[in-house]
Structure formats: C-alpha cells, structure tokens
Amino acid sequence: MLSDSIVYRRSGLRTYGYQDRLRGRIDQRGLTERTFERPLPPHRIVTPLYLSFENFRDLPKPPAYRAFFVYRDPRDIVVSAYFLHRNTDTRGNSVEDRTFLQAAPLEDGLISTIDRAERRGVYDAFRSWSDAASEDLNIKLIRYEDLTGDAGSGLIEDLMAYCDVAIDPQELRELLDRCSFDRLSGGRRQGQADRSSHYRRGVSGDWAKYFTPRVEERFNEVAGDLVPLFGYE
C-alpha cells in the first residue's frame with residue numbers, strides 16, 4: 001500500500017527496503033541484532049523494518065518522523081510463517097527448510113517454525129514494542145486484526161493522516177480496492193484458502209485450527225506472556 005502511486009502522488013515519498021540491497025535480499029541477523037550505524041536514506045518511506053524497539057530507538061533518524069508498528073496475534077504469525085515457508089519460495093527460506101516442512105508431520109512442522117522464530121529473536125523483538133507508543137510519541141501501534149476488519153478503511157484513513165499523507169475519499173477507496181485481499185489473491189475472498197499462495201487465507205484466528213496441545217505447550221514455553229501482553233486471550 002505504501003508503495004502505491006496514490007501515496008507517492010500525495011506524499012512525494014518513495015518506499016525504501018534496505019534488505020533489497022543486501023546479498024540474497026535478506027538480513028541474516030536476528031531481529032534483536034539488527035542495528036544501523038548510518039541513517040537510512042532521507043525523504044523515503046522505509047518499509048518494512050523487522051527489528052526490536054530498542055534497535056529502532058537507536059537508529060539514526062531525522063528530527064521529525066512518523067513510525068507505526070503493526071502487530072498480530074503471535075499464534076497466527078506462527079501458522080502463517082509455517083505455510084509460507086512450507087509452500088512458497090520466499091526470501092530467507094532455504095531448500096532444506098522447505099523440504100523438511102513438506103515432509104514433516106504438521107505438529108513437528110509448526111514446532112520447528114516456533115523454534116525458528118525463537119532463534120531469530122522474533123518473540124523478544126515483538127515483546128519490546130508493547131510500550132513503544134508511550135515511550136515515543138512519534139510511534140503508533142496498530143492491531144493487524146483491526147486493520148483488516150470491518151473498520152479497516154477508517155483506520156487506514158487515520159493512519160494516512162497520522163503520516164501526513166492527504167488522501168481524499170475517492171482515492172482512499174481506490175487504494176483500498178487495489179490492496180484488497182480479493183485483488184491481491186487473484187479473486188479469492190477472505191477465508192478461501194490457497195496454501196500455495198503468499199496470500200493464503202486472509203483471516204485471523206486460524207491458529208485455533210492448527211494448535212494442538214503439544215504445539216500450544218511449546219509455543220507458551222518460548223513466547224511466554226506475549227499473547228496476554230498484547231491483549232490476545
């Protein structure tokens with residue numbers, strides 16, 4: 001959405017993805033290890049950034065900036081990552097990892113995905129953002145489930161205003177249509193699954209279908225209080 005021509009016309013800012021400049025187009029460092037000694041290019045929308053709040057806070061930035069952190073039920077993140085790494089050729093996904101996930105039973109594959117996220121610092125980085133908005137008034141926290149729900153258009157309108165991007169109602173409708181699940185998935189509606197697609201199902205709460213007691217136990221061991229900390233019970 002942020003790279004859409006409508007946003008560019010209204011802001012004059014192009015997007016910048018620093019990982020596109022790296023070998024293999026992937027930052028191999030864990031999320032809590034991603035530090036930047038030099039400022040990222042000015043007058044750009046830098047997206048995405050996967051790192052801890054502490055490392056974002058230490059990132060050299062201009063005096064005036066806006067940042068937002070989109071968070072999601074971490075259990076849904078596990079399920080999404082499992083199918084993404086199992087069924088698609090995505091960046092950072094080795095042939096060995098994909099082959100293992102395709103051959104392993106579902107439970108073992110999900111637990112492997114949980115452990116992989118722990119090794120990469122995903123849960124620690126996620127946890128670090130819980131109070132970010134109170135520590136830095138230039139940061140906004142947004143629930144993914146709200147952003148993609150019935151009130152999503154209003155939230156996106158507020159988000160654009162927060163980022164000082166003035167989009168009129170007609171342009172907003174056009175932008176939302178271009179970035180809708182139906183359009184990006186090739187015509188499927190939210191809830192219609194295609195496991196081979198990057199846009200697999202487009203709904204929240206999918207974790208309940210896949211988290212067996214064994215998977216949930218392992219998730220709770222490594223993620224700790226992450227679920228209640230962000231209001232997911």
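Scan segment 13-46 residue by residue and report those that are β-branched (Val, Ile, Thr), at pLDDT 95 or above and part of a loop (DSSP other than H, G, I, E, B).
Correct list: 35 only.
A quick yes/no check of all residues on (1) of a type in the set (A, V, I, L, M, F, W, C); (2) within 25 Å of residue 231 (Cα to Cα):
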site: 52; (1), (2): no, yes
site: 60; (1), (2): no, no
site: 71; (1), (2): no, yes
site: 85; (1), (2): no, no
site: 96; (1), (2): no, no
site: 106; (1), (2): yes, no
site: 121; (1), (2): no, yes
site: 129; (1), (2): yes, yes
site: 142; (1), (2): yes, yes
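So, in segment 218-233, exactly how many residues are open to solvent by 50 Å² or more (accessible area, probe 1.4 Å), part of a loop (DSSP other than H, G, I, E, B) and under 12 Å from residue 123 (Cα atoms)?
Within segment 218-233, residues that are open to solvent by 50 Å² or more (accessible area, probe 1.4 Å), part of a loop (DSSP other than H, G, I, E, B) and under 12 Å from residue 123 (Cα atoms) number 1.
So residue 64 ticks every box in (1) open to solvent by 50 Å² or more (accessible area, probe 1.4 Å); (2) assigned to a helix (DSSP H, G or I) but one. Which box is left unticked?
Residue 64 satisfies every listed condition except (2).
Of the residues that sit in segment 74-85 and are among the hydrophobic types (A, V, I, L, M, F, W, C) and open to solvent by 30 Å² or more (accessible area, probe 1.4 Å), which one is nearest to the chain's Cα centre (by Cα)?
In this case the residue turns out to be 77.
Could you list, ordered by first residue, the pairs with Cβ atoms under 6 Å in which the first is in segment 47-65 and among the hydroxyl-bearing types (Ser, Thr, Tyr) and the second is part of a loop (DSSP other than H, G, I, E, B) and surrounded by 15 or more Cβ atoms within 10 Å (Cβ to Cβ), at least 6 apart or interchain?
Filtered contacts from segment 47-65: 47/2.
What number goes with the only condition from (1) part of a loop (DSSP other than H, G, I, E, B); (2) over 30 Å from residue 233 (Cα atoms) that residue 10 does not pass?
Unmet for residue 10, out of (1) part of a loop (DSSP other than H, G, I, E, B); (2) over 30 Å from residue 233 (Cα atoms): (1).
I need a count of the residues in segment 1-35 that are more than 16 Å from residue 93 (Cα to Cα), of a type in the set (Asp, Glu) and without any contact (Cβ under 8 Å) to a residue 24 or more places away in the chain.
0
Residues in segment 46-61: is at least one surrounded by fewer than 17 Cβ atoms within 10 Å (Cβ to Cβ), in contact with a helix residue (DSSP H, G or I) (Cβ under 9 Å, 6 or more places away or on another chain) and under 20 Å from residue 147 (Cβ atoms)? It would help to see each step written out before you state the result.
Of all residues in segment 46-61, those surrounded by fewer than 17 Cβ atoms within 10 Å (Cβ to Cβ) come to 47-48, 50, 54, 57-58, 60-61.
Remaining after also requiring in contact with a helix residue (DSSP H, G or I) (Cβ under 9 Å, 6 or more places away or on another chain): 48, 50, 54, 57.
Add one more test, that the residue is under 20 Å from residue 147 (Cβ atoms), and what stays is 48, 50.
For segment 46-61, residues surrounded by fewer than 17 Cβ atoms within 10 Å (Cβ to Cβ), in contact with a helix residue (DSSP H, G or I) (Cβ under 9 Å, 6 or more places away or on another chain) and under 20 Å from residue 147 (Cβ atoms): present.
Filter the helices (runs of 4 or more DSSP H) completely within segment 86-188 down to those with at least 2 residues that are surrounded by 15 or more Cβ atoms within 10 Å (Cβ to Cβ). Steps first, answer last, please.
Working: elements: 95-103, 106-119, 122-128, 132-135, 144-147, 152-162, 169-178, 181-184.
So the answer is 95-103, 106-119, 122-128, 132-135, 144-147, 152-162, 169-178.
Considering only segment 87-114, how many residues are closer than 30 Å to residue 152 by Cβ and without any contact (Cβ under 8 Å) to a residue 24 or more places away in the chain?
Of the residues in segment 87-114, the ones closer than 30 Å to residue 152 by Cβ are 87-93, 110, 113-114.
Filter once more, so that each one left must be without any contact (Cβ under 8 Å) to a residue 24 or more places away in the chain: 89, 93.
Count: 2.
The values are calculated or read from the model by the stated rules, or taken from the named source; none is laboratory data. Computed from a predicted structure; not experimentally measured. For neighbour counting, all protein chains shown are included, and Cβ atoms are generated from backbone atoms with ideal geometry for every residue, glycine included. The protein model used for the area step is the full one, side chains on, heavy atoms only, and it has no ligands, DNA or RNA in it. Shrake-Rupley method; radii C 1.70, N 1.55, O 1.52, S 1.80 Å.
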